[in-house]
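Rule-based calculations on the coordinates, nothing more; no lab input. Keep in mind that what you see is a predicted model, and the values were worked out from it rather than measured. As a convention, Cβ positions derive from the backbone with ideal geometry for all residues, glycine included, and neighbour counts pool all protein chains shown.
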Amino acid sequence: MTLHVPSGRTILETMREAGLTVPSSCEQGACGTCLTTVMEGEVDHQDVYLNDSEKASNTCMMTCVSRAKSARLVLDI
């Protein structure tokens, strides 16, 4: 499935609007519930859950607050 995340919307919100069931709790990037594996692309991490080395590895992200730095992100949902 390919989704376009518009400005002002989160990845989590966009996935839910497309009918996907995605777990979440705090929706502020602090709890880790929406942790998602990144398969391709670069993430602009906005969460406080991941540590610096986890963020640098670019292998996971919090879909509730983090964004794409690259033009495309491929996530394992």
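Looking at (1) buried (at least 17 other Cβ atoms within 10 Å of the Cβ); (2) over 10 Å from the mean Cα position of the chain (by Cα); (3) among the hydrophobic types (A, V, I, L, M, F, W, C), which one does Val38 not meet, given that it meets all the others?
(2)
Residues in the stretch 40-55: is at least one β-branched (Val, Ile, Thr), part of a strand (DSSP E or B), touching an Asp or Glu at 6+ places or on another chain (Cβ under 6 Å) and under 21 Å from Leu3 (Cα atoms)?
Applying the first criterion (β-branched (Val, Ile, Thr)) to the stretch 40-55 yields 43, 48.
Next, from what is left, pick out any that are part of a strand (DSSP E or B): 43.
Subsequent filtering for residues that are touching an Asp or Glu at 6+ places or on another chain (Cβ under 6 Å) retains none.
Looking through the stretch 40-55, none of the residues is β-branched (Val, Ile, Thr), part of a strand (DSSP E or B), touching an Asp or Glu at 6+ places or on another chain (Cβ under 6 Å) and under 21 Å from Leu3 (Cα atoms).
Filter the stretch 41-77 down to the residues that are of a type in the set (Asp, Glu) and surrounded by 12 or more Cβ atoms within 10 Å (Cβ to Cβ) and list them by number. Walk me through it before giving the result.
Taking the stretch 41-77 and keeping what is of a type in the set (Asp, Glu), we get 42, 44, 47, 52, 54, 76.
Result: Glu42, Asp44, Asp47, Glu54.
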